[in-house]
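Each value in this text was obtained by applying a stated rule to the coordinates, not by laboratory testing. Model, not experiment: these values are computed from the prediction. Positions of Cβ are backbone-derived with ideal geometry, glycine not excepted, and every protein chain shown enters the neighbour counts.
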Amino acid sequence: MQQVMNDVEIRGAYKKFGTNVVLGGVDLDVKQGELLTLLGPSGCGKTTTLNLIAGFIDADQGELYIKGKRMNGVPPYKRDLGMVFQGYSLFPHMTVYENLEFGLKLHKVDKTESGSRIKNALEIVKMTGLEQRYPRELSGGQRQRVAIARALVVQPKLLLLDEPLSNLDAKLRQELRMEIKRLQKEVGVTTIFVTHDQEEALSMSDRIVIMDRGKVEQVGTPTEIYANPRSEFVFNFIGKSNSMHGSIVHIDANNITVQRENGEQMLVEAGNVMGADRLCSIGDQVKLYIRPEKVAIGPVSDADYDLHTVRITQMNYLGSSWEIFTSFQGDSLQVQCSDIDPAWTIGSEVKIGWKPSDVMLIKQ
Ligand code: ATP
């Protein structure tokens with residue numbers, strides 16, 4: 001018998017639409033009570049994975065377990081899931097109260113219990129007092145809150161959210177992100193959230209699953225994914241990055257030295273090799289990656305830093321920080337910093353530096 005360790009387990013899910021392989025062997029564990037986000041570019045298979053869990057599609061191969069029970073072939077209405085999808089899926093001819101009551105009637109919950117659950121769900125999403133409104137009398141954010149309350153009120157085994165914030169403006173999105181995170185922890189319901197927005201994923205999730213072309217690329221906490229990407233795809237997909245080509249000229253116990261085409265040498269901490277083939281040798285062609293916020297600019301005096309000189313090509317003020325574009329011996333290198341020297345201008349030559357531990361390397 002399957003041992004209950006995770007609320008959801010997917011093993012070897014494979015799905016083809018026509019000749020298009022949409023899931024190419026997905027394995028996934030969702031832990032009890034966590035908010036797990038599926039993140040990846042458009043078409044990578046996020047919604048298909050969610051539809052598989054919801055029961056809207058069946059996998060061609062593979063196993064699905066929810067709370068330890070094998071779910072292959074079980075229809076969606078027998079899975080006890082709460083779902084909120086993109087756009088507003090409220091019944092327009094029903095009030096907020098009736099929208100929430102609908103699922104409870106289907107589940108044959110008695111009137112008293114039903115009333116107290118609706119009251120509680122509306123409190124959680126901060127919609128108390130608006131029970132008699134129709135969806136057309138609510139703002140976009142309020143409608144999405146009601147949709148979440150309607151999903152929660154039936155006390156689902158899992159909450160599935162597919163881009164629930166994508167039709168809302170930026171400010172409301174940010175507000176609702178925090179609310180979903182808060183209410184998810186308050187209710188404790190295991191939640192799977194689909195988005196292609198990295199900021200949303202980083203700010204809301206307990207763990208993130210990065211998907212690419214029907215495969216899971218990496219699973220980890222937001223900080224693990226951001227600071228320790230295991231592949232070039234993950235590094236590029238999450239956050240901003242600078243990349244440079246070169247070849248390995250020296251390896252010692254601490255650092256790998258990479259020489260770029262122009263002869264300049266860069267240091268990479270020995271452990272910072274991404275990708276499947278992590279064994280490096282002298283002569284290997286490699287690509288180096290560094291995040292803009294890991295590049296120090298100006299008078300860098302720290303002895304641990306690998307120092308270089310660049311020329312400023314563009315300076316953008318972003319309010320809380322500056323985005324400086326530089327020419328690094330022919331390569332464009334972006335730097336993010338909180339302050340600038342007022343004397344800097346386009347064309348200024350400035351010092352930059354970074355710790356070898358902040359540079360990642362991948363063999364080409
Ligand atoms: P997005 O962020 O754009 O919603 P996604 O990662 O959720 O993308 P899916 O909706 O899972 O991606 O789709 C994955 C691939 O499967 C896409 O190429 C899509 O066109 C294809 N696809 C999805 N559903 C079907 C279907 N019912 N019939 C045929 N192809 C489909």
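A few remarks follow.
- Set of aspartates and glutamates with alpha-carbon distance to K363 below 13 Å, sequence-local pairs under 8 removed: E232, D277, D284
- Exposure proxy ranking for D206, D341, based on other Cβ atoms within 10 angstrom of each Cβ and starting from the fewest, stands as D341, D206.
- Fewest-first sequence of S338, S205, S332 by Cβ atoms within 10 Å of each Cβ: S338, S332, S205
- For q = 0.16, 0.18, 0.24 Å⁻¹, Debye-computed log10 I/I(0) when each Cα of region 169-265 counts as one equal scatterer: -0.81, -0.93, -1.27
- Label positions at D60 and A303, each projected 7 Å from the Cα along the C-beta direction, are separated by 6.1 nm.
- Gain on full extension, evaluated as 0.36 nm per residue between D339 and Y317 minus their Cα-Cα distance, stands at 6.9 nm.
- With N counted as the residues of region 60-189, its alpha-carbon radius of gyration over 2.2 N^0.38 Å works out to 1.08.
- Comparing S203, S247, S321 in a Gaussian network model of the chain (Cα springs below 10 Å), the most mobile by mean-square fluctuation is S321.
- Region 62-129: equivalent-ellipsoid semi-axes (sqrt of 5 x gyration tensor eigenvalues, Cα, Å): 27, 15, 12
- Percent of beta bridges antiparallel (DSSP, the chain, rounded to nearest 5): 75
- For region 134-196: rounded, prolate or oblate by the Cα gyration tensor [a/c cutoff 1.5]: oblate
- Cross-link pairs K119/K157; K16/K46; K287/K351; K46/K287 - those with Cα-Cα distance over 25 Å: K46/K287
- Distance (nanometres) between label positions extended 7 Å along Cα→Cβ at S243 and N120: 5.0
- For a label point 7 Å along the Cα-to-beta-carbon line of Y14, residues of region 52-84 with backbone N under 14 Å: 59-63
- The length gained by stretching the chain between S332 and I346 to full extension, at 0.36 nm per residue less their Cα-Cα distance, is 3.7 nm.
- Å³ per residue enclosed by the Cα convex hull of region 1-91: 125
- Normalised per residue, the volume of the convex hull around the Cα set of region 166-212 (Å³): 81
- When only alpha carbons of region 27-70 are considered, Rg and Dmax amount to 11.2, 31 Å.
- Scattering profile of region 240-363 at q = 0.13 Å⁻¹ [log10 I(q)/I(0), Debye over alpha-carbon scatterers]: -0.51
- In summary, region 8-233 shows an alpha-carbon radius of gyration equal to 1.02 times the 2.2 N^0.38 Å reference for compact globular proteins.
- Sorting M204, M274 by the number of Cβ atoms found within 10 Å of their own Cβ, with the fewest placed first, yields M274, M204.
- Checking the Cα-Cα distances for K78/K108; K105/K126; K126/K215; K181/K294 against a 26 Å cut-off, the pairs over it are K126/K215; K181/K294.
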